[in-house]
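Q: Quick one: the structure is below, questions incoming.
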Amino acid sequence: MTMNEKRIQYETSGTCSKLIDVTVDENNVIQQVGFIGGCHGNLQGISRLVQGMKVDDAIERLKGIRCGAKPTSCPDQLSKALEEIKSR
């Protein structure tokens, strides 16, 4: 991690995953996303899809996605983590 990068370890709520580890560069581009817990294949896919994406674009695409009857999902929790890292 360089000096200008930001990193967050976001504790999720209401999902199978328990933690999201996100690194964003100085241009608000997502460099790395890792999930602890949850559906490994799906979360690995989400992580690779958002890598290289602007934070605002990822938030717009992921925010509000639900998992079944749950009011949130792993992608929605990632959008919350990105909102938090953006505000730092």
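Q: Would you tally the residues in the stretch 1-15 being without any contact (Cβ under 8 Å) to a residue 60 or more places away in the chain and either open to solvent by 80 Å² or more (accessible area, probe 1.4 Å) or of a type in the set (S, T, N, Q) (or both)?
A: 6
Q: Here are the criteria: (1) touching a Ser or Thr at 6+ places or on another chain (Cβ under 6 Å); (2) in contact (Cβ under 8 Å) with a residue 60 or more places away in the chain. Tell me which single one Leu82 does not satisfy.
A: Of (1) touching a Ser or Thr at 6+ places or on another chain (Cβ under 6 Å); (2) in contact (Cβ under 8 Å) with a residue 60 or more places away in the chain, only one is false for Leu82: (1).
Q: Still on this model: Please go through the stretch 16-66 and pick out each residue that is open to solvent by 30 Å² or more (accessible area, probe 1.4 Å), among the polar types (S, T, N, Q) and not in a strand (DSSP E or B).
A: Once the filter is applied, which keeps residues that are open to solvent by 30 Å² or more (accessible area, probe 1.4 Å), among the polar types (S, T, N, Q) and not in a strand (DSSP E or B), the stretch 16-66 yields Asn27, Asn28, Asn42, Gln44, Gln51.
Q: For the stretch 47-69, how many residues meet the condition of being free of Cβ contacts under 8 Å to residues at least 12 places away in the same chain and within 10 Å of the chain's Cα centre (by Cα)?
A: Adding up the residues that qualify gives 0.
Q: All but one of (1) basic (Lys, Arg); (2) open to solvent by 80 Å² or more (accessible area, probe 1.4 Å); (3) not in a strand (DSSP E or B) hold for Lys70; which doesn't?
A: Here Lys70 meets the rest and fails (2).
The values are calculated or read from the model by the stated rules, or taken from the named source; none is laboratory data. Small disclaimer: the values here were computed from a predicted structure and weren't measured. Glycine gets a Cβ as well: all are built from the backbone with ideal geometry, and neighbour counts include every protein chain shown. Side chains are part of the model used for accessible areas, which takes the heavy atoms of the whole protein and leaves out ligands, DNA and RNA. Shrake-Rupley method; radii C 1.70, N 1.55, O 1.52, S 1.80 Å.
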